[in-house]
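The structure appears right after this line, and notes come after that.
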Amino acid sequence: MHFAFNGTFILDDMHNHVPHAFTVPAGAQQLTIHLDFEPKGPEGAEVPHEISLSLFDPVTGRGARHNNADQTIVITADSASPGYTPGPLQPGTWTVFIDTHRIMPPGDIRYTLDVDIAMDAPEFQRPQFTPGSTAARGPGWYRGDLHGHTLHSDGRWDVAEFVADARRRGLDFVFLTDHNTVSSVPEVRSYASDALLTLGGIELTTFYGHCLALGAQRWHEWRVRDGHTMTAIAREVLDAGAFYVIAHPTSIGYPRCSGCPWHYEEMMPGIAPAVEVWNGDWAGESQNEQAVQLYYQWLNQGHQLVATAGSDIHGPLSAAERPGYNVVYAADLSEAAILDALRAGHLYVSSGPKLAFSATSPRGETAMMGDVLVADRADLHARWEASDPAYAVRLVAGGVVVDSFTGGAHGEKTWQVTRDTMPAWYTVEIRAADGQLHALTNPIFLQGS
């Protein structure tokens, strides 16, 4: 059985989900879909068109392969192309959407979409992945990456290579967050070992901003449409037990990175519990300094947000790139403990330096980064180990730098604050002489008793 569709996209068709419906009969064994379009981009242009497919069976989404040159889908009960999930081909109406993430001038893109349904399928058994295990280590500081991609979306490597690279980077845990699909999650979870906790998630990649659902085990509807807002998406992710993070909110946008900056006014930050203040290379296209300052603004508005980092890795890092990692204090090296620590804000982000930051009240009550301390007076204490003795250590109070000094290779300092002078929150930064950030704690929030 064959269905053929064709059409033309003009500039006005950008940021659209164009549906093409077809009927799958009972007993179908294999579904093959192929999209082709020409031109791939304006002649001589550095930035091409960005057009992908999303597939839905009669009940739910079956995945997407965002921003990948290969837009062919093959699905059987036991196998599926990267980006898509296998399973029985339910009879009824299926819909494949052409997602027009980026159309470059002058538009005029001609496309063909072919759907073939076979009543018998070739003998092929998809590998079955069994979740790996990581031995308990108990409470401690664990270093990990919350953001990365493979060829299940727009990455340049497979899942095994992604995990091998995380081991080379000396990480304790890593999340794989392919765009708009969880097809890579079973495989990445299968590589967990005592040396590395491997975790899944998804990057919900919309036309007006991206967000991470860390720990997501199932596909989530990512399209913002009439009646389905970003606030609703965030609530669905949180209700499912995943951790929601606004990703690279101040990134450059169209045409270089269409949909990358955050434009959801009702989610500035709305119900989001966290924001990625350091995405990829510190000095890269995500404009991370702006993200840190936006984060400080949101803190000053009264939001108790968690700051995170993510390499957003798509392939091996170059020697020149300097991503930030999350150093998390967790009850154990397990998925549940890492997610609980992220929710609590018990972490700092760093490209190398080590940081500890705590507060103590006159009654002896203590708080660590991410915590709230109720007290009229408090001692703030920081301890650090810097990779460069010339780095500056800065105490930031309510978004204002109130102390800054050369920290040396290592050191510690205590600041006394009282209710007359204390703002709502404090954090500690480590920066180079040129102002580039190398480490940042999550805030300690102080409230008068």
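The values are calculated or read from the model by the stated rules, or taken from the named source; none is laboratory data. Worth saying up front: this structure is predicted, and the values here are computed from it rather than measured. Please note: Cβ atoms are built from the backbone with ideal geometry, for glycine as well, and neighbour counts cover all protein chains shown.
Values as computed for the structure displayed
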read-out	value
Within the stretch 165-212, considering residues that are within 30 Å of V18 (Cβ to Cβ) and acidic (D, E), the one surrounded by the most Cβ atoms within 10 Å (Cβ to Cβ)	D178
One residue from D120, D36 being in contact with a Ser or Thr (Cβ under 8 Å, 6 or more places away or on another chain), of a type in the set (D, E, K, R), surrounded by fewer than 14 Cβ atoms within 10 Å (Cβ to Cβ) and touching a residue at least 60 places away in the same chain (Cβ under 8 Å)	D36
For Y295: the one exception among (1) farther than 22 Å from T427 by Cα; (2) part of a helix (DSSP H, G or I); (3) of a type outside the set (D, E)	(1)
Check on T130, surrounded by fewer than 14 Cβ atoms within 10 Å (Cβ to Cβ) and in contact (Cβ under 8 Å) with a residue 40 or more places away in the chain	yes
Test: residue in the stretch 347-361 that is aliphatic (A, V, I, L, M), part of a loop (DSSP other than H, G, I, E, B) and not assigned by TED's automatic domain parsing to the domain that holds F173	no
Count of residues meeting criterion [at pLDDT below 95 and among the hydrophobic types (A, V, I, L, M, F, W, C)] in the stretch 250-263	1
Residue satisfying condition, being closer than 18 Å to N326 by Cα and modelled with pLDDT of 95 or more, within set A247, A232, A192, A164	A247
G200 being outside the structural domain of I73 (by TED's automatic domain parsing) and at positive phi	no
Filtered residue count, the stretch 316-346, keeping only those that are more than 17 Å from R167 (Cα to Cα) and in a strand (DSSP E or B)	3
Close pairs (9 angstrom Cβ cut-off, 6 or more residues apart or separate chains): closer than 24 Å to H303 by Cβ in the stretch 248-271, in a loop (DSSP other than H, G, I, E, B) and among the acidic types (D, E) anywhere	H248/E285; H248/D312; S251/E285; C260/E285
Residues of the stretch 322-344 satisfying the condition of being farther than 30 Å from A424 by Cβ, of a type outside the set (A, V, I, L, M, F, W, C) and over 18 Å from the mean Cα position of the chain (by Cα)	D332, S334
Residues of the stretch 410-434 satisfying the condition of being in a loop (DSSP other than H, G, I, E, B), more than 16 Å from V306 (Cα to Cα), within 32 Å of the chain's Cα centre (by Cα) and in contact (Cβ under 8 Å) with a residue 12 or more places away in the chain	P423, A432, A433
Filter pass, M14 being touching a residue at least 24 places away in the same chain (Cβ under 8 Å) and crowded, with 19+ Cβ neighbours inside 10 Å	yes
From A392, A367, residue being farther than 28 Å from G170 by Cα, in contact (Cβ under 8 Å) with a residue 12 or more places away in the chain and not assigned by TED's automatic domain parsing to the domain that holds Y295	A367
Criterion (under 22 Å from G200 (Cβ atoms) and of a type in the set (D, E, K, R)) met by exactly one of D340, D371, D388, D379	D340
Within the stretch 66-89, tally of residues that are touching a Gly at 6+ places or on another chain (Cβ under 7 Å) and within 13 Å of A121 (Cβ to Cβ)	1
Lone unmet requirement of (1) at negative phi; (2) surrounded by fewer than 22 Cβ atoms within 10 Å (Cβ to Cβ); (3) without any contact (Cβ under 8 Å) to a residue 24 or more places away in the chain for H314	(3)
Total residues in the stretch 17-28, condition surrounded by fewer than 15 Cβ atoms within 10 Å (Cβ to Cβ) and touching a strand residue (DSSP E or B) at 6+ places or on another chain (Cβ under 8 Å)	5
Count - residues of the stretch 267-311 that are of a type in the set (D, E) and buried (at least 22 other Cβ atoms within 10 Å of the Cβ)	1
Qualifying positions in the stretch 1-13 - assigned to a loop (DSSP other than H, G, I, E, B) and either closer than 14 Å to Y111 by Cβ or of a type in the set (S, T, Y) (or both)	I10
